[in-house]
Amino acid sequence: MFKRNTSTRIATSGLALGLVAGLALTGGSTWVSTAYAEEAAELSPTKARPRDTYYPNTEDLAPDEMRVIACGTGMPTTRMKQAAACFLVELGNGDKFLFDAGSGSAERISALQIPYNYLDKIFVGHLHSDHFGAVPEYWIGGALMGRNQPLRIWGPSGRIPELGTAAAMDAMQKMFLWDITGRVGNVDPRGYKLEVNEFDYKGENQVVYDENGVVIRSFPAIHSIDGAVSYSLEWNGLKFVFGSDTFPNQWFNKYAKDADLAIHECFIAVPDIVNKLGFTPESALLVGTQIHTAPEAFGKVMSEVKPRMAIAYHFFKDFDTTAQVYKRIRKTYDGPLSLAEDFMVWNVTKDGIRERMAVVEESTWSPPTTRPNIAPSKDDRAKFAKMKGPPAEAIGYSDFIVSGKWNVDDVLRPIYQEASEAVGREFPYPEK
Ligand SMILES: [Zn+2]
Ligand SMILES: [Zn+2]
């Protein structure tokens, strides 16, 4: 057996090791070389070898294991390299959870090729676009890619009902009424239902989810205006904490304590907010230290929380920004640290935390669905009109639009015949 697995990662003593080594910014070095001694005997010019990279859908998740994948680590200003906030948690009992669904993250999730019925639970920390902007893509795109059951959303209330998650989801459904109306009658309708669970943003360590041995709690965060929260997930003796966005706060210090993975925002250093984002120094100081968590403050939080692994995200991780963030964190924290980027993966068990990068395919299609789609029914539109849709007469084409159709029935009818012959049942051509 290979022992290449560096799963029991030596906790990084950043001040001592990180600064000396310099190359191990996130710190995962060990002093034990496995490259020669343990593998040499089994090297072969024809046999496959274990890899240090995570390739989705090539590894089983052990019954006691948690796998977390960063599917968005960036900022509200968009870029190719990093989507906005999104972390996928996969558990050995089969459950999967998304924490935040920031803009651009749906593409990352699709690259993992996970059946969408497994991706039906999203926990939103606050209602900034970089934390829930991709919800419509998981909702509508997810349904088109095989989620034929409702999408379940959890999120905080606001100081007034209009500022809460339920109002946002209601408004989203109104905004996409044209979209949904046009799909009814053409595709399996079951994935377009939403289940929205709004809870009190002031709840301190309140249970917001308790199913199948998984308990998720929320606690208040301090960010922008009232109504931001952080989450903890506990399962099988493992604890995952996701801060979403927050100024350092006493609740995180208290309820994230002793987490296995503690994810907390860490903004880019103030000088880079001026240099790279073009903010005035006044604005950069406010945004970089008061609305968000400065790297120095992130370090202070983690020194208090003492997780098995501290994960910093929410900064653009480039060759010329990373050192600044790292140096400033290390002024106040010398424990285990990951500076997250998209597709960073953590496998967590009681024995160890293994950190790797995933390598994904870009040209992906819909993953398999866990249960067959049902064919659309002629009644779907009438049912939709009755439930919440526009009046039945507003669904479909008006006589005016129909009058503009160019008749290409002669080339379309044979496609129906072809399908009928191939599948062995009759597909009647839709007559006017
Ligand atoms: Zn935010
Ligand atoms: Zn944010």
Failed item, numbered, when residue 74 is tested on (1) more than 16 Å from ligand 1 (Cβ to nearest atom); (2) part of a loop (DSSP other than H, G, I, E, B): (1)
Answer from 157, 103 - the residue that is polar (S, T, N, Q), more than 23 Å from residue 55 (Cα to Cα) and without any contact (Cβ under 8 Å) to a residue 60 or more places away in the chain: 103
Members of segment 244-272 found to be over 22 Å from residue 202 (Cα atoms) and among the aromatic types (Phe, Trp, Tyr), listed by number: 267
Set 120, 130: member being within 16 Å of ligand 1 (Cβ to nearest atom), charged (D, E, K, R) and over 10 Å from the mean Cα position of the chain (by Cα): 130
Residues of segment 252-302 that turn out to be more than 26 Å from the chain's Cα centre (by Cα) and polar (S, T, N, Q), as a count: 3
So residue 118, is it surrounded by fewer than 23 Cβ atoms within 10 Å (Cβ to Cβ), among the hydroxyl-bearing types (Ser, Thr, Tyr) and away from ligand 2 (no atom under 16 Å from the Cβ): yes
Any helices (runs of 4 or more DSSP H) falling wholly within segment 97-193 and containing at least 1 residues that are charged (D, E, K, R) and under 26 Å from residue 315 (Cα atoms): 105-112, 129-132
Matching entry among 316, 298, 279 (being within 16 Å of ligand 2 (Cβ to nearest atom) and under 18 Å from residue 242 (Cα atoms)): 298
Yes/no for residue 83 being within 16 Å of ligand 2 (Cβ to nearest atom), touching a Ser or Thr at 6+ places or on another chain (Cβ under 9 Å) and modelled with pLDDT of 95 or more: yes
Helices (runs of 4 or more DSSP H) lying entirely in segment 325-432 (those with 1 or more residues that are among the hydroxyl-bearing types (Ser, Thr, Tyr) and in contact with a Phe, Trp or Tyr (Cβ under 6 Å, 6 or more places away or on another chain)): 409-423
In segment 308-325, the residues that are under 24 Å from residue 66 (Cβ atoms) and surrounded by 24 or more Cβ atoms within 10 Å (Cβ to Cβ): 309, 310, 311, 312, 313, 314
The listed residue being modelled with pLDDT under 95 and in contact with a Phe, Trp or Tyr (Cβ under 6 Å, 6 or more places away or on another chain), out of 76, 45, 50: 50
Some residue of segment 265-280 being under 18 Å from residue 77 (Cβ atoms), within 16 Å of ligand 1 (Cβ to nearest atom) and in a strand (DSSP E or B): yes
Residue within segment 232-241 that is over 23 Å from residue 91 (Cα atoms), in contact with a helix residue (DSSP H, G or I) (Cβ under 8 Å, 6 or more places away or on another chain) and either touching a residue at least 12 places away in the same chain (Cβ under 8 Å) or assigned to a strand (DSSP E or B) (or both) present: no
When residues of segment 339-363 are limited to those that are within 17 Å of the chain's Cα centre (by Cα) and of a type in the set (Gly, Ala, Ser), the one farthest from residue 267 (Cα to Cα): 358
Enumeration of residues in segment 199-255 that are within 14 Å of ligand 2 (Cβ to nearest atom), surrounded by fewer than 19 Cβ atoms within 10 Å (Cβ to Cβ) and at positive phi: 224
Filter result (of a type outside the set (D, E, K, R), more than 24 Å from residue 224 (Cβ to Cβ) and surrounded by fewer than 23 Cβ atoms within 10 Å (Cβ to Cβ)) within segment 288-307: 303
Number of the condition not met by residue 171 [criteria: (1) surrounded by fewer than 23 Cβ atoms within 10 Å (Cβ to Cβ); (2) within 18 Å of the chain's Cα centre (by Cα); (3) more than 16 Å from ligand 1 (Cβ to nearest atom); (4) aliphatic (A, V, I, L, M)]: (2)
Search result, residues across segment 130-147 that are more than 16 Å from ligand 2 (Cβ to nearest atom), free of Cβ contacts under 8 Å to residues at least 60 places away in the same chain and of a type in the set (A, V, I, L, M, F, W, C): 139, 140, 143
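The values are calculated or read from the model by the stated rules, or taken from the named source; none is laboratory data. As the structure is a computational prediction, the values presented were derived from the model and not from experiment. Neighbour counts run over all protein chains shown; Cβ positions are idealised from the backbone, glycine included.
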